[in-house]
Amino acid sequence: MKVIKYTEFILEATDTIENYSNSLLGVLKNRINKMFEYESEPEEGSEEDQMTIKKAKFSSNKDKNKPTFKEFGVRLDSSEISNKNTCLTVKFSDDENSYSIFIKVDTAGVAQDIAAFPKEDDKDFSIEDIKKCHVTLKKYNIDTFEIVGQLDKNVDVKSLDEEYLINLKIELDDMFEDDEEKFEIETK
């Protein structure tokens, strides 16, 4: 039998920081999955292709100047939340490389600026109070599955949108371009 303090007992019975973090990761997972919804679009001419009010609102709200994953030929492979380490893992690929995004919310409070815990004891806490998260983007060679490069950033949760993730992918691609393309031999 394990003896615990009364305050620890109360914390077990109420919502914990991990629960809020997992809720936020669920929201982010849904947001990211919607970025790849073009993959499940029906073929032209089908009955499902008719314009609905929801589709009309979505298409009118979408800014035509912003880049999309569809334009880059990127496909969603998987997205899952790990409750063990409070992390969202999203895997996607294009014709040349495979990518993994790891979005982690700091629940331990080690880094005060990205911590997912209430700063004021008397204030109610919600997922909107989690302002920052840590994003790791890894690039893999699609043939050998070896890591080509990695990029780590602390990010505002609200800035995690399709445009930001595409710019992150482009930054990683520019940092770790294939050496074969850069290497040229000049002969006389």
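The values are calculated or read from the model by the stated rules, or taken from the named source; none is laboratory data. The structure presented is a predicted model; accordingly, all values stated were derived computationally and were not measured. All Cβ positions, even for glycine, are placed from backbone atoms using ideal geometry, and neighbour counts span all protein chains on display.
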**Asked** If you check I147 against the conditions, is it at pLDDT below 80, surrounded by 11 or more Cβ atoms within 10 Å (Cβ to Cβ) and out of contact with any Ser or Thr (no Cβ under 8 Å at 6 or more places or on another chain)?
**Response** no
**Prompt:** Could you list, in sequence order, the residues of region 136-163 that are assigned to a helix (DSSP H, G or I) and either over 18 Å from I32 (Cα atoms) or not small (G, A, S) (or both)?
**Reply:** V157, K158, E162, E163
**Asked** Going by the structure shown, is I185 modelled with pLDDT under 90, of a type outside the set (S, T, Y) and more than 22 Å from S23 (Cβ to Cβ)?
**Response** yes
**Message:** Given the condition modelled with pLDDT of 90 or more and surrounded by fewer than 18 Cβ atoms within 10 Å (Cβ to Cβ), answer yes or no: does some residue in region 59-66 qualify?
**Reply:** no
**Asked** Could you list, in sequence order, the residues of region 76-107 that are assigned to a strand (DSSP E or B) and either loosely packed, with under 15 Cβ neighbours inside 10 Å or β-branched (V, I, T) (or both)?
**Response** D77, S78, E80, I81, S82, T89, V90, I101, I103
